[in-house]
Each structure stands twice: as structure tokens, then as C-alpha cells.
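Asker: Could you have a look at this structure, given as C-alpha cells, before my questions?
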Amino acid sequence: MYPSAQTTKKLYDIHPYEKTFFAEVLSCRKGERSHQGQFDIILDQTLFFPEEGGQTPDLGLLAPAAVPATCSADALSSNQKQAPSQSEPTSSEQVFGLKAVNSFDQVNVLDVKIKSGIIHHFCDSPLAVGAHIQGTIDWERRYDNMQNHSGEHIFSGLVHSAFGYENVGFHLSERTCSMDYNGPLAQKDIDRIELLANRVICGNRAIDCSYPSAQVLKQLDYRSKKELSGPVRIVTIPGCDVCACCAPHVRRTGEIGLLKVLRAQSYKGGTRLLIACGTRALLDFRRKQSVLEEVSHLLSSPQEEAAETLTKKLAEFSSLKDALHEASARLLEYDMVGLDPSAANVCLFENGIDPIRLRNAVNRMTARHKGYCATFNGSDADGYSYILSVADGDARILNEQLKEHFSARGGGSAAMCQGSLRASRRDLETFFSAL
Ligand SMILES: [Zn+2]
């Protein structure tokens with residue numbers, strides 16, 4: 001049974017910058033449903049932020065830890081009380097008074113969920129109930145989430161002030177940070193909010209996370225006010241945003257570094273935005289710069305003129321394509337003239353001819369030849385599309401033979417069939433001459 005009289009102590013709430021912590025295993029049982037094959041481990045306290053409020057969970061490790069003989073549960077809790085404030089980070093060893101054992105038997109935390117205040121760590125191996133463990137969170141992942149989540153608050157706070165919209169759909173994972181606002185935002189509005197958000201970031205404002213009293217809360221104007229009851233954690237960015245939120249945040253806005261809107265689209269009458277903050281924004285910039293450099297190199301054009309150069313190249317490509325079609329059509333006429341007028345069955349091999357022109361050609365061939373008339377359009381390497389017809393007979397008979405001999409895919413009527421196949425021109429010509 002899960003402990004019913006208590007909830008998991010959320011260390012990430014008090015120490016969002018800690019990377020390791022010590023805890024006791026209260027329960028360990030086999031995971032169910034989507035966590036089948038995993039172990040559902042409950043600790044008395046944790047730094048692992050669970051999947052909550054649209055944010056994906058922290059991942060990391062749990063490993064057995066040695067407990068000093070003098071270190072009782074009471075000592076543990078009194079040590080926690082003396083824990084320094086968020087602005088004075090110390091190591092977990094100083095805070096919690098335990099030492100980690102070597103990382104033998106460590107287990108991987110693959111998912112973290114919260115249910116009725118109890119945090120479930122889904123791990124790849126079990127841990128003994130009553131064991132003392134050291135947990136280590138994937139700090140890069142956590143800090144990336146903190147930068148992006150704090151960035152989202154700034155952007156949403158500014159959108160709320162300027163337009164009165166709510167962020168009605170927030171999603172933060174290792175790949176995506178997206179917000180759905182319940183109103184339209186023009187590109188110029190998005191650009192302006194983005195600029196203002198980056199000014200708030202440069203202002204290096206302190207971000208406060210606290211639980212105001214019920215009385216203070218009642219008077220407070222904050223986002224997400226309607227849905228919540230009980231103790232509410234309020235995240236305040238002075239002059240920018242006040243919002244109810246359960247997730248860890250950076251201490252100061254300057255730590256976000258940069259906020260960039262990557263994409264905007266209309267969504268359910270509102271606007272869906274994709275943003276990147278901090279290191280994620282830097283990596284995104286690096287990827288895009290690398291693409292632009294390659295494109296610019298391929299076009300032999302300065303980066304700033306790449307789009308203009310590409311537009312010109314595409315226009316050139318389009319007119320070359322038209323010219324090629326024209327030349328191919330003339331070649332088709334030439335090939336038709338070259339067909340033996342006394343032959344009953346005839347076929348032509350072309351490449352890059354549009355289907356209407358080919359169908360007309362097959363009709364003209366059928367008027368002159370008594371047997372099967374076909375065009376194969378394509379190449380040995382890419383395969384052929386074909387159209388076949390017969391003046392007096394059933395084209396489907398030959399179509400069935402093509403299916404049988406060349407695994408062709410296609411169908412049609414007695415007058416005309418079409419399809420595609422993969423074969424060499426030589427084999428097809430041999431097949432046709434044997435008809
Ligand atoms: Zn939040």
C-alpha cells in the first residue's frame with residue numbers, strides 16, 4: 001500500500017538548483033499499464049519534478065546511500081529545516097548529512113508522475129523498501145526546462161497584459177516549448193512581445209516562487225486563478241507576470257539568456273507559438289546557421305541574398321522544365337514516325353513526358369496499328385509508368401501479363417489500361433517483340 005497519511009516532500013520546490021538528494025524508499029512495486037516492466041518507487045522526498053502542468057518530468061538515477069549511525073529520521077528532517085535558502089546553494093551532502101555509496105545497483109528513473117500529492121518514480125530496477133538512496137537528476141534537462149518555463153511565463157505575462165489572452169495550452173518537452181493563446185496575434189504583435197520579453201530577460205529581474213496566505217491570495221491578481229484551490233504556489237516576475245505554477249524556475253530572468261519565437265500559427269481561433277529559450281535557443285540558432293551556410297555555399301550567394309538567389313534559380317528551373325517538356329514532346333513525335341507501320345504491336349520508351357501527351361500518343365498509335373500499343377515513361381533506374389491500348393481487343397489481357405511478368409501495378413478498361421512497373425527496357429522490348 002502507498003503511504004496514505006503523507007505526501008512526497010517536494011525538494012525541487014525548496015531547492016530548485018540542487019542536483020542530488022538523499023531519501024528513503026517507502027514503497028516499490030511493479031509498474032502497471034504504460035509502465036509495465038518498470039518499478040514504481042515512492043520516496044519520502046524527491047528532487048524529481050513529476051510530469052505536471054504541461055511539463056515533462058525530470059529523469060536521472062537513484063543509487064543506494066550509506067546512512068551514518070547518528071543520522072535518524074528526526075535528524076534528517078531537522079537538517080532539512082536548516083537548509084539554506086534558494087539564494088545560497090550548497091551541496092546535498094551539507095544539507096542532508098548523508099554520503100553516497102558507489103553507484104553499484106543504481107537504477108534509472110525513466111518517468112515521474114504525481115498522484116494525490118504522492119510522486120511515483122518509474123525505474124528500470126527495484127530498490128529495497130526502507131533503503132536509503134541518493135538521487136541524481138539530469139541537470140542539463142532540468143535547467144533547460146527551467147530556462148524555457150521561465151521564458152514562457154515572461155512571454156505569457158506580456159501577452160496577458162497587452163491583449164488579455166490566456167495561455168490555454170502549454171507543452172514543454174525536451175524538443176518543444178509551445179503555448180496556445182486564446183486570441184489572434186499578428187506577426188508584428190509577436191515581434192513586439194518577443195522584443196519586450198528579451199528586455200525583461202536583460203533586466204535580470206529576480207523571480208520569486210512562494211505560497212501566499214489564503215488572505216493574500218484572495219486579493220492577488222494572477223494568471224490561472226480560476227482552476228485552483230488549496231495552497232497555491234505563485235511565481236512572480238516583477239513588472240511582468242504573476243502566475244500560479246508548480247514547476248522549478250530560474251532565480252533571475254538573466255539566466256534565460258535569449259527567448260526566440262520559432263513559429264506561429266493560427267490554432268482554434270487563437271494562436272499557437274513555438275519558442276526556444278537559453279541553451280535551446282543557442283542550439284537552434286547554430287543548427288539554422290549551419291543550414292543557411294550550406295544553402296548559401298550551394299547557391300554561391302551571400303547568406304543575406306540566399307532567398308533572392310534561390311527564387312531566381314527556381315524560376316530558371318521552371319523555364320528549363322518547360323523547355324524540356326517541349327523537347328521531349330518533339331522527340332515523342334519523332335519516335336512515333338520511326339515506328340514500323342507494318343508492325344501490329346508497338347511500344348515507345350520516353351522519359352519526362354506528361355501523361356496527357358502520352359495518352360494522346362497511344363490513341364494515335366492505336367489508330368495506325370492493329371495490335372497492342374504502349375508507352376513506357378521513365379527509366380530502368382526509377383521504373384516506368386505505362387499506358388497501353390488495343391484497337392480491336394482487350395487491353396486488360398496484356399495488363400494481366402505485365403502483372404504476371406513484371407509485378408506491374410495497374411488496371412483500366414478493355415480500351416485502355418495504365419500502371420507502373422520496375423523492369424529493364426531490354427526485358428520489356430523482348431517481352432513486347434514476343435507477343
Ligand atoms: Zn508555469
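The values are calculated or read from the model by the stated rules, or taken from the named source; none is laboratory data. Small disclaimer: the values here were computed from a predicted structure and weren't measured. No Cβ is skipped: glycine too gets one built from the backbone with ideal geometry, and neighbour counts run over all protein chains shown. Heavy atoms of the whole protein, side chains included, go into the accessibility calculation; ligands, DNA and RNA do not. Shrake-Rupley method; radii C 1.70, N 1.55, O 1.52, S 1.80 Å.
Asker: Do the conditions hold for Leu314, that is, is it of a type outside the set (S, T, N, Q) and surrounded by 13 or more Cβ atoms within 10 Å (Cβ to Cβ)?
Answerer: No: the conditions fail for Leu314.
Asker: Applying the selection to region 235-255, what residues are within 15 Å of Asp13 (Cα to Cα), away from the ligand (no atom under 11 Å from the Cβ) and not in a strand (DSSP E or B)?
Answerer: Residues of region 235-255 within 15 Å of Asp13 (Cα to Cα): 235-236, 244-251.
Subset that is away from the ligand (no atom under 11 Å from the Cβ): 236, 250-251.
Within region 235-255, Val250, Arg251 meet the criteria.
Asker: Among (1) basic (Lys, Arg); (2) more than 11 Å from the ligand (Cβ to nearest atom); (3) within 26 Å of Gly117 (Cβ to Cβ), where does Arg205 come up short?
Answerer: If we test Arg205 against (1) basic (Lys, Arg); (2) more than 11 Å from the ligand (Cβ to nearest atom); (3) within 26 Å of Gly117 (Cβ to Cβ), just (3) comes out false.
Asker: Is there a residue in region 211-218 that is assigned to a loop (DSSP other than H, G, I, E, B), more than 30 Å from Val25 (Cβ to Cβ) and away from the ligand (no atom under 11 Å from the Cβ)?
Answerer: The answer is yes; a qualifying residue exists.
Asker: Separate question: Any residue at all in region 147-154 that's at negative phi, assigned to a loop (DSSP other than H, G, I, E, B) and buried (at least 16 other Cβ atoms within 10 Å of the Cβ)? Outline the logic, then answer.
Answerer: In the first step, residues of region 147-154 are kept if they are at negative phi; the result is 147-154.
Next, from what is left, pick out any that are assigned to a loop (DSSP other than H, G, I, E, B): none.
Checking region 147-154: not a single residue is at negative phi, assigned to a loop (DSSP other than H, G, I, E, B) and buried (at least 16 other Cβ atoms within 10 Å of the Cβ).
Asker: What's the total number of residues in region 131-146 that are out of contact with any Leu (no Cβ under 9 Å at 6 or more places or on another chain) and either within 16 Å of the ligand (Cβ to nearest atom) or open to solvent by less than 20 Å² (accessible area, probe 1.4 Å) (or both)?
Answerer: Number of matching residues: 3.
Asker: Of a type in the set (A, V, I, L, M, F, W, C), within 16 Å of the ligand (Cβ to nearest atom) and in a loop (DSSP other than H, G, I, E, B): does that describe Val232?
Answerer: Yes.
Asker: Now for a different question. Just checking, does region 361-375 include any residue being of a type in the set (Lys, Arg) and in contact with a helix residue (DSSP H, G or I) (Cβ under 8 Å, 6 or more places away or on another chain)?
Answerer: Scanning region 361-375, I find at least one residue that is of a type in the set (Lys, Arg) and in contact with a helix residue (DSSP H, G or I) (Cβ under 8 Å, 6 or more places away or on another chain), so the answer is yes.
Asker: Here is a follow-up. Restricting region 268-298 to residues that are more than 16 Å from the ligand (Cβ to nearest atom), over 17 Å from the mean Cα position of the chain (by Cα) and crowded, with 17+ Cβ neighbours inside 10 Å, which is farthest from Gly203 (Cα to Cα)?
Answerer: Ser296
Asker: Out of (1) touching a residue at least 24 places away in the same chain (Cβ under 8 Å); (2) within 16 Å of the ligand (Cβ to nearest atom); (3) open to solvent by 50 Å² or more (accessible area, probe 1.4 Å), what's the single condition that is false for Val200?
Answerer: (3)
Asker: Condition first: under 19 Å from Asp144 (Cα atoms) and of a type outside the set (Gly, Ala, Ser). Now tell me which residues in region 264-281 satisfy that.
Answerer: Within region 264-281, Leu273, Leu274, Ile275, Cys277, Thr279, Arg280 meet the criteria.
Asker: Can you tell me which residues in region 161-177 are more than 10 Å from the ligand (Cβ to nearest atom) and surrounded by 21 or more Cβ atoms within 10 Å (Cβ to Cβ)? Before the answer, list the steps.
Answerer: The first filter runs over region 161-177 and keeps only residues more than 10 Å from the ligand (Cβ to nearest atom), leaving 161-166, 168-169, 171, 173-177.
Cys177, the sole residue that qualifies.
Asker: Do we find that Asp180 is out of contact with any helix residue (DSSP H, G or I) (no Cβ under 9 Å at 6 or more places or on another chain) and in contact (Cβ under 8 Å) with a residue 12 or more places away in the chain in this structure?
Answerer: Taking the combined requirement at face value, the residue satisfies it.
Yes/no per residue for (1) in contact (Cβ under 8 Å) with a residue 24 or more places away in the chain; (2) in contact with a helix residue (DSSP H, G or I) (Cβ under 6 Å, 6 or more places away or on another chain); (3) more than 18 Å from Ala434 (Cα to Cα):
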{"residue": "Pro341", "(1), (2), (3)": "yes, no, no"}
{"residue": "Cys347", "(1), (2), (3)": "yes, yes, no"}
{"residue": "Asp354", "(1), (2), (3)": "yes, no, yes"}
{"residue": "Ala391", "(1), (2), (3)": "yes, yes, yes"}
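Asker: I'd like the residue in region 368-422 that is outside any strand (DSSP E or B), among the small types (Gly, Ala, Ser) and open to solvent by less than 20 Å² (accessible area, probe 1.4 Å) and, out of all such residues, is nearest to Val337 (Cα to Cα).
Answerer: The qualifying residue nearest to Val337 (Cα to Cα) is Gly371.
Per-residue answers, yes or no, for (1) open to solvent by 50 Å² or more (accessible area, probe 1.4 Å); (2) more than 16 Å from the ligand (Cβ to nearest atom):
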residue	(1), (2)
Cys123	no, yes
Val129	yes, yes
Val159	no, no
Tyr181	no, no
Arg192	yes, yes
